[in-house]
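J.: There's a structure below that I have some questions on.
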Amino acid sequence: MRIRVNINVKVGKIIKYFILVDLVFFAGWGFIEPIFSVFIVEKIVGATLVTAGITAAIYWLLKSTLQVPLANYLDRHDGEKDDFYALILGLLLAGVSAFLFGFAKEIWQIYSVQALHAVGIALYVASYPAIFSRHLDKDHVSFDWAMDSAAVGVSSGMTALVGGIIASQFGFASVFALTGIFSVAAAFILIMAPDLLLPHPRKTAKISPLAKDKPSAADGL
């Protein structure tokens with residue numbers, strides 16, 4: 001009995017850029033994952049584990065509440081420009097919030113920055129899948145999504161391992177600074193990417209520069 005595994009798949013250029021953005025962005029936030037609750041309890045005046053729980057609740061509740069109307073707003077507007085700029089704004093807000101965490105000293109500051117973080121991620125979640133899904137490779141939709149998920153998982157796992165080490169050696173501020181740098185870098189990857197500076201309307205997506213470089217069955221997928 002033989003089992004053959006033959007994966008010979010080309011990923012479209014737009015999808016490659018978006019996977020890279022996800023990889024860089026979530027790698028940055030992976031630094032914070034293992035140390036955030038410890039940071040709150042140890043460095044924020046008067047904070048307890050309850051404070052850490054409230055901080056997490058602020059993020060999840062606000063993000064989840066905002067992302068649905070934001071996605072609905074983006075869907076109602078024709079063209080990809082609104083999605084693109086919402087995505088850039090989300091990345092930048094997330095980056096700013098990461099930097100601000102490093103300066104927080106009091107509980108209300110942590111809550112406020114976490115709210116800003118939630119707004120940034122809500123924008124990201126509402127806009128990223130919109131563009132990504134419109135440029136999926138026709139015959140490899142599941143593969144494209146799996147590649148994106150794998151990139152996020154591997155990058156987050158690697159930086160989570162490193163984040164604790166960096167925090168113990170250089171302090172929490174260095175971890176937050178790295179996260180902010182990675183988030184801003186993800187935004188600049190999109191801004192500097194060819195054919196992504198001025199996204200084209202959805203109605204012409206099949207023939208626009210955003211889609212023309214996607215490999216087809218004729219290309220040997």
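J.: What are the equivalent ellipsoid semi-axes of segment 25-200, built from the alpha-carbon gyration tensor (square roots of five times its eigenvalues), in whole angstrom, biggest first?
T.: 30, 18, 14
J.: Here's another thing I want to ask about it. Take the alpha carbon gyration tensor of segment 1-117, find the square roots of its eigenvalues, order them as a ≥ b ≥ c, and report rounded if a/c is under 1.5; if not, report prolate when a/b exceeds b/c, else oblate. Spell out each step's value before the answer.
T.: On the way: a/c = 2.50, a/b = 1.52, b/c = 1.64.
Oblate.
J.: Another question, if that's okay. Give LYS13/LYS63; LYS63/LYS105; LYS43/LYS81; LYS13/LYS105; LYS16/LYS63; LYS10/LYS63 a once-over and call out the pairs whose C-alpha atoms are over 32 Å from each other. Let's see the in-between values first.
T.: On the way: LYS13/LYS63 30 Å; LYS63/LYS105 23 Å; LYS43/LYS81 41 Å; LYS13/LYS105 43 Å; LYS16/LYS63 26 Å; LYS10/LYS63 34 Å.
Violating the 32 Å Cα-Cα cut-off are LYS43/LYS81; LYS13/LYS105; LYS10/LYS63.
J.: In nm, what is the difference between 0.36 nm times the number of residues separating SER133 and MET192 and their Cα-Cα distance?
T.: Taking 0.36 nm per residue and subtracting the Cα distance, the gain is 19.2 nm.
J.: Please give the length that would be gained between TYR73 and LEU61 if that part of the chain were fully extended, namely 0.36 nm times their separation in residues minus their C-alpha to C-alpha distance (nm, one decimal).
T.: Values: separation 12, 0.36 × 12 = 4.32 nm, distance 1.92 nm.
Gain in length upon complete extension: 2.4 nm.
J.: Using Cα pairs closer than 8 Å and at least 6 residues apart in sequence, work out the relative contact order for segment 25-200, in percent. Walk me through the numbers before you get to the answer.
T.: Details: 219 pairs, mean separation 73.9, N = 176.
For segment 25-200, the relative contact order is 42 percent.
J.: Multiply the residue gap between VAL38 and PHE103 by 0.36 nm, knock off their C-alpha separation, and tell me the result in nm, one decimal place.
T.: 21.9 nm is the gain from fully extending VAL38 to PHE103.
J.: When SER127, SER156, SER168, SER183 are ordered from fewest to most other Cβ atoms inside 10 Å of their Cβ, what list results? Please report the intermediate quantities before stating the final value.
T.: Values: SER127 25, SER156 21, SER168 11, SER183 28.
Fewest-to-most Cβ neighbours within 10 Å comes out as SER168, SER156, SER127, SER183.
J.: Moving on to the next point. Arrange VAL41, VAL152, VAL50 by Cβ neighbour counts within 10 Å, fewest through most, would you? The partial results should precede the final answer.
T.: On the way: VAL41 14, VAL152 18, VAL50 9.
The most exposed by this proxy come first: VAL50, VAL41, VAL152.
J.: At 7 Å along Cα-to-Cβ for each site, give me the label-to-label distance between LEU20 and SER174 in nm.
T.: Taking the simple label geometry, LEU20 and SER174 are separated by 2.8 nm.
Since every read-out is calculated from the coordinates, none of them should be taken as a lab result. Keep in mind it's a predicted model, so treat the numbers as computed, not measured. Cβ atoms come from the backbone with ideal geometry, glycine included; neighbour counts cover every protein chain shown.
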